[in-house]
Each structure stands twice: as structure tokens, then as C-alpha cells.
Amino acid sequence: FSFSTPHIHQDAQGTLLFTPGSGVFMAINPDTGKEVWRITYPEGYSIIPRPVVGHGLVYFGTSYDSPVLHAVKLGGSGDITSTHEVWTAKKAVPHTASFLLVGDELYTVSDGGIFTCYDAKTGKVHYSERVPGNYSASPLYWNGKIYLTNETGTGTLLEAGKEFRKIDQFEMKEATLASPVAADGALYIRTDKKLYKYEAK
């Protein structure tokens, strides 16, 4: 009973499909369906955040009631639960929004509006700050900036980096649950009733 979007990754083991599930995170060969390795955890249902990969690690969330952020070293075979975990975080981890990896920093926004920046390699917290509202939409990185849109349509624009720097705030004035998308030099935001496209003239 989980909803996370799988992630396709290529490394020395070939092409792998990473899929978080209820109680297990699996790396699967997408051509054969064969499981290559797995991580198990005691709690886990309604898993929503999509995994992200970088620095030889895969980052994923577990459990809806008490979400945990895991950073796991890539590689291995079979059950690697006790051998490949590098770091975890439990405070203000999102139930819903996916994680954002930019360079050496990993960003999360909790459902209740706590925005956290981690050192992606070690799990050290650079900062953890409140942003307005509750969040279902995932954060977006574009051109050195991070875009957050809360459930009532209030957007917060932050500067990417190890220090919390708010640049601006904007209002969609409508419920917004979907994650924003950047493509072809434009920013797309879907609200409850409309799809908006923003681009420089």
C-alpha cells in the first residue's frame, strides 16, 4: 500500500529500478524483474516521496506515521539492511513531498512546513527553518533557486545553499497540491483549476 514513483538508475550493476514499498526498498533489474538488493524496515505504508540518487547513495523515505529519511550506499546483493546504511534522519521528514538533491546539499520540506538542508554525504543539518503553510508539492530547483508551493498556493522562493536565504514570496491564490515543473525555459504550476506557464519575455 504505497504510492512512490520508481527511479531508474544506471551504475556498475547496470540499469536498476529503485522502488520504495511498504516495509521494503528494492533495487530491481527492469529487464527481468529480478531483485538485485533490498533494504527492509519495520514500519512502512503509504510511502510517497520519490527516491533520489547522488554521491554513491540513494535517499528515500519510509513510513507514513513516523517517516524516516534513509541514505543508503549503492551496490551489494540480497538483503543489505545491516551493511549499507550510511545515515538516517527522523526530525521533520516529509510524508508526502519528494526530496531535492542539489550538489552536496539534500533538501526536504515536511508536510507541516519545515524546510531542512542536509549535507548529503554525512546527514549533518545545515539548517531547519519554518516556511508558510502545509505542503504536498515537492520542491523544485531551477537556476540557483528553490521553489516551494504550499497547499493554499503560497509560494516561497529560496536561494540554494548551506544558509537559509529567502528571496521572495508569491501567491497563486488557489489550492495547489501538484509539484511545479521546469521545462524549456518555462515554469509550470498546476493549481486546483488552472495550469500556469511562466517564462521570460
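The values are calculated or read from the model by the stated rules, or taken from the named source; none is laboratory data. These numbers were taken from a predicted model, which means no experiment stands behind them. We place every Cβ from the backbone using ideal geometry, glycine too, and count neighbours over all the protein chains shown. Just so you know, the surface numbers come from the protein's heavy atoms only, side chains and all, with ligands and any DNA or RNA stripped out. Shrake-Rupley method; radii C 1.70, N 1.55, O 1.52, S 1.80 Å.
Criterion first (more than 20 Å from the chain's Cα centre (by Cα) and either surrounded by fewer than 18 Cβ atoms within 10 Å (Cβ to Cβ) or not aliphatic (A, V, I, L, M) (or both)) does Asp192 satisfy it? Yes: the conditions hold for Asp192.
Can you pull out every residue in the range 58-82 that is in contact with a Lys or Arg (Cβ under 6 Å, 6 or more places away or on another chain) and either under 23 Å from Pro94 (Cβ atoms) or surrounded by 17 or more Cβ atoms within 10 Å (Cβ to Cβ) (or both)? Spell out how you get there, then give the answer.
Taking the range 58-82 as the starting set, the residues that turn out to be in contact with a Lys or Arg (Cβ under 6 Å, 6 or more places away or on another chain) are 68, 79.
Passing the criteria: only Val68.
Taking every residue in the range 117-139 that is closer than 23 Å to Gly155 by Cα and pairing it with any residue that is among the small types (Gly, Ala, Ser) and in a strand (DSSP E or B), at least 6 positions away or on another chain, the pairs with Cβ-Cβ distances below 7 Å are Tyr118/Ala89. Selection of first residues in the range 46-67 that are touching a residue at least 24 places away in the same chain (Cβ under 8 Å) and more than 12 Å from Pro20 (Cα to Cα) and of second residues that are assigned to a strand (DSSP E or B) and not aromatic (Phe, Trp, Tyr), restricted to Cβ pairs under 7 Å at least 6 apart or on distinct chains, gives the following pairs, ordered by first then second residue: Val53/His7; Val53/His9; Gly54/Leu101; Leu57/Ala71; Leu57/Val72; Leu57/Lys73; Leu57/Val86; Pro67/Gly61.
So which residues in the range 97-143 are in a strand (DSSP E or B) and over 17 Å from Val68 (Cα atoms)?
Restricting attention to the range 97-143, the residues satisfying the condition of being in a strand (DSSP E or B) are 100-102, 105-109, 114-119, 125-130, 140-142.
Within the range 97-143, Val102, Glu105, His126, Tyr127, Glu129, Arg130, Leu140, Tyr141, Trp142 qualify.
Consider Pro42 carefully, then state whether it is within 24 Å of Phe3 (Cβ to Cβ) and buried (at least 18 other Cβ atoms within 10 Å of the Cβ). The answer is no for Pro42.
Criterion applied to Thr88, Thr152, Thr122, Thr156 was being at negative phi, open to solvent by 20 Å² or more (accessible area, probe 1.4 Å), of a type in the set (Val, Ile, Thr) and touching a Leu at 6+ places or on another chain (Cβ under 7 Å), and the one residue passing it is Thr88.
Look at the range 7-18: where a residue is part of a loop (DSSP other than H, G, I, E, B) and open to solvent by 50 Å² or more (accessible area, probe 1.4 Å), no partner that is of a type in the set (Val, Ile, Thr) and modelled with pLDDT under 95 sits 6+ places away or on another chain with Cβ atoms under 9 Å.
From the list Lys162, Lys173, the lone residue that is outside any strand (DSSP E or B), touching a strand residue (DSSP E or B) at 6+ places or on another chain (Cβ under 7 Å), of a type outside the set (S, T, N, Q) and open to solvent by 50 Å² or more (accessible area, probe 1.4 Å) is Lys162.
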